[in-house]
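The values are calculated or read from the model by the stated rules, or taken from the named source; none is laboratory data. Since the model is a prediction, treat every value here as computed from it, not as a measurement. Reconstructed Cβ throughout: ideal geometry from the backbone, glycine too, with neighbour counts over all protein chains shown.
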Amino acid sequence: MDSIAEDKFSNLSIEVASLPRYEEAGLTSLAPNYLLKRNINTLISLLVFSAILAVVYFFLSDFPFYVFLGGGVFLVIIGWSFFTNFQLMKRNGYSLRELDIIYKRGFLFEKTTVVPFDRVQHVSVERSLLDKFLNLSTLKVFTAGGSGSDVNIPGLKPGIATSLKEEISERIARHA
């Protein structure tokens, strides 16, 4: 009986070079308004930092070195923040393929997430108040076993986000 079970077992090697490469998938860029959203969020953060800097200046006005140091750090943070926002817009993107969805993000540290449709539990579209004002949406893809979404694709136009949600929902229904 053991010889029959051994005859049916197969575990062939796969040539790694022949596997499809996710890097070759053409990525779709995020909506241009997403840069505006990131810059608005950056400005809000910088205003809070400015308020903290003003309070520090008020209490440490006898120590001008620290005030100038804080101002210099503040200018570096402003420049870096906006530079990062522009770089992220150039490098972030998504792709919907036959069997999976890909989302690439990051600037200094890039991260690419590939989620096969047979692992997807559900998909949702979210819009914050700022998203509604800027006509943007975020697509969230949830897989089994996770407490949150595994892929968040921000900066999509609402029509595109809804179309992607419907397409992914159809594909996961086919895999069920």
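So here's what we get for this one:
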quantity: All positions within region 98-111 that are closer than 30 Å to GLU170 by Cβ and surrounded by 15 or more Cβ atoms within 10 Å (Cβ to Cβ); calculated: ASP100, ILE101, ILE102, TYR103, LYS104, ARG105
quantity: Test: residue in region 155-173 that is free of Cβ contacts under 8 Å to residues at least 40 places away in the same chain, surrounded by 14 or more Cβ atoms within 10 Å (Cβ to Cβ) and touching a Phe, Trp or Tyr at 6+ places or on another chain (Cβ under 6 Å); calculated: no
quantity: Residue satisfying condition, being over 16 Å from TYR34 (Cα atoms) and either touching a strand residue (DSSP E or B) at 6+ places or on another chain (Cβ under 7 Å) or among the β-branched types (Val, Ile, Thr) (or both), within set ILE172, ILE160, ILE153; calculated: ILE172
quantity: Boolean, PHE86 is free of Cβ contacts under 8 Å to residues at least 24 places away in the same chain and surrounded by fewer than 16 Cβ atoms within 10 Å (Cβ to Cβ); calculated: no
quantity: Residues of region 111-130 satisfying the condition of being assigned to a helix (DSSP H, G or I) and free of Cβ contacts under 8 Å to residues at least 40 places away in the same chain; calculated: ARG119, LEU129
quantity: Qualifying residue in region 13-28 (condition: small (Gly, Ala, Ser), modelled with pLDDT of 90 or more, outside the structural domain of LEU129 (by TED's automatic domain parsing) and surrounded by 12 or more Cβ atoms within 10 Å (Cβ to Cβ)); calculated: no
quantity: Which numbered condition LEU139 fails, given (1) of a type outside the set (D, E, K, R); (2) touching a residue at least 24 places away in the same chain (Cβ under 8 Å); (3) part of a helix (DSSP H, G or I); calculated: (3)
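So that you can scan it fast, the table gives a plain yes or no per residue for (1) assigned to a helix (DSSP H, G or I); (2) at pLDDT below 90:
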residue: PHE109; (1), (2): no, no
residue: LYS132; (1), (2): yes, no
residue: GLY146; (1), (2): no, yes
residue: LEU164; (1), (2): yes, no
residue: GLU170; (1), (2): yes, no
